[in-house]
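Asker: My questions will all concern the structure given below.
The values are calculated or read from the model by the stated rules, or taken from the named source; none is laboratory data. Because the structure is a prediction, the values reported are computed rather than measured. Every residue, glycine as well, gets a Cβ built from its backbone with ideal geometry; the counts of neighbours run over all protein chains shown.
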Amino acid sequence: MNIYKPEGWLDADSIIQSPFIYQFIIGGRGIGKSYGVIDYFIKNNLKFIYLRRTQVEAKLQADPVTSQLMPNFKDREISPVFRTMAEGKIHVCYGPDGKEICLITALTAIASLRGISLDDYDYIVYDEFITEPHVRQIKAEGMALANAYETINRNRELKGRPPVKMICLANSLNIANDIFMYYDLIEPAENMLLNDEEIYIRNDILLIISQHSPISEAKRGTALYMNVSEEFAKMAISNKFILNDFAYVKKRKLSEYIPKVRVGSLYIYRHKTRSEWYVCSSKSEVKEQYSDGYADLARFQRKYFRLWARYLDGGVRFDSYKSVALFEKYYKV
């Protein structure tokens, strides 16, 4: 399997044709993620579901003026026709010959779809699954995606058919996103960044974090990236997760801390001399314990509300970004 084509673009053909069912591709802007993946399906006449997070986003993709599919259509001289159905929850894209190209819908809409068969679709493209900071979050988005996949895949494997292949695409914004948490990819992604690796494989899961894109390197000298903020350039070119401060993530000596409480799978320690807390997965004997159930988390939040404020002030340290993600989740449930 190749990550890049000889000319430098992402080799979507090679990646999609690999045997992995769940494919997560993280890369800088403009390296050919969405374009390459969509082009693969169009040129091979393979119908696919183009999934976005919300119905507003899906509606924009069904408009020729705002759709991110249009560059693919223009380059292949296709004049698409979009039709809306299911009370605006589904948009079907047809070619000029009347042949269906793709179905466009939202993650938030699939759960409410009733009486509609999606059995003809063998591929899902979930684009921009890592949200930007100003975008409203979907509660339990990882579970929502798994449920959407089950709705589309159904029992086809029990009938001897291959499972639906899901390709998730995103820019590098937040390593502690809910989908990474649900599929247990935060720690692997963190290790990939630390070890300068681009590929992680586990069972049917493929995770690609593009860290050496020739296209990204070529863009460094362009006018845009010579004049934007360093933070934006890190995300768009260097593929750095700019919403995560790794300075606060480092394993500490437990001998310097006092164990205070366990919540879910996290253990929380207080420093012996400094006004500092440490959150990690290292087990310790603690009398005060809370499960990750709703009622217990509510009790934990009520008693340790000042700990959240301390976190916002930069006074909490973590052993991994998985612990960061769980800590934030426990306070936001």
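Asker: Please specify each residue of region 115-166 satisfying the condition of being farther than 30 Å from Y330 by Cβ, assigned to a helix (DSSP H, G or I) and among the aliphatic types (A, V, I, L, M).
Answerer: Result: I152, L158.
Asker: Output the number of residues of region 266-290 satisfying the condition of being small (G, A, S) and loosely packed, with under 14 Cβ neighbours inside 10 Å.
Answerer: Going through region 266-290, the residues small (G, A, S) turn out to be 275, 281-282, 284.
Restricting the remaining residues to those that are loosely packed, with under 14 Cβ neighbours inside 10 Å gives 275.
Residues that pass the stated criteria total 1.
Asker: Something else about it: Taking region 291-301 as the search range and keeping residues that are modelled with pLDDT of 95 or more and part of a helix (DSSP H, G or I), which one is surrounded by the most Cβ atoms within 10 Å (Cβ to Cβ)?
Answerer: F300
Asker: Any idea which residue in region 106-121 is surrounded by the fewest Cβ atoms within 10 Å (Cβ to Cβ), counting only those that are polar (S, T, N, Q) and modelled with pLDDT under 85? I'd like the intermediate steps shown before the answer.
Answerer: Residues of region 106-121 that are polar (S, T, N, Q), as a first pass: 108, 112, 117.
With the extra rule that they be modelled with pLDDT under 85, the set shrinks to 112, 117.
Numbers: S112: 11, S117: 9.
Restricting to residues being polar (S, T, N, Q) and modelled with pLDDT under 85, the top hit is S117.
Asker: So is G95 small (G, A, S) and under 14 Å from K43 (Cα atoms) or not?
Answerer: Here the answer is yes, as G95 does meet what is asked.
Asker: I'm trying to understand the selection: among the residues of region 310-330, which are assigned to a helix (DSSP H, G or I) and either among the basic types (K, R) or modelled with pLDDT of 95 or more (or both)?
Answerer: R310, K322, K329 - these are the residues of region 310-330 that are assigned to a helix (DSSP H, G or I) and either among the basic types (K, R) or modelled with pLDDT of 95 or more (or both).
Asker: Here is a further query. Identify, from the list A146, A176, the residue that is of a type in the set (G, A, S) and touching a helix residue (DSSP H, G or I) at 6+ places or on another chain (Cβ under 6 Å).
Answerer: A176
Asker: Can I ask one more? For the structure I just gave you, tell me whether V56 is farther than 25 Å from G160 by Cα, surrounded by 14 or more Cβ atoms within 10 Å (Cβ to Cβ), of a type in the set (A, V, I, L, M, F, W, C) and over 18 Å from the mean Cα position of the chain (by Cα).
Answerer: No: the conditions fail for V56.
Asker: State which residue is surrounded by the most Cβ atoms within 10 Å (Cβ to Cβ) when the search covers only region 122-155 and only residues that are farther than 14 Å from A106 by Cβ and more than 16 Å from the chain's Cα centre (by Cα).
Answerer: N153
Asker: For the list (1) surrounded by 14 or more Cβ atoms within 10 Å (Cβ to Cβ); (2) more than 19 Å from F318 (Cβ to Cβ), I need the number of the one condition that A189 fails.
Answerer: Among (1) surrounded by 14 or more Cβ atoms within 10 Å (Cβ to Cβ); (2) more than 19 Å from F318 (Cβ to Cβ), the lone unmet condition for A189 is (2).
Asker: Condition test on R306, is it farther than 30 Å from I208 by Cβ, assigned to a strand (DSSP E or B) and of a type outside the set (A, V, I, L, M, F, W, C)?
Answerer: No: the conditions fail for R306.
Asker: How many residues, within region 155-191, are within 20 Å of G32 (Cβ to Cβ), modelled with pLDDT under 90 and of a type in the set (A, V, I, L, M, F, W, C)?
Answerer: Initial filter on region 155-191 (within 20 Å of G32 (Cβ to Cβ)): 165-173.
Narrowing the set further to residues that are modelled with pLDDT under 90 leaves 171-173.
Adding the requirement that they be of a type in the set (A, V, I, L, M, F, W, C) leaves 173.
So the answer is 1.
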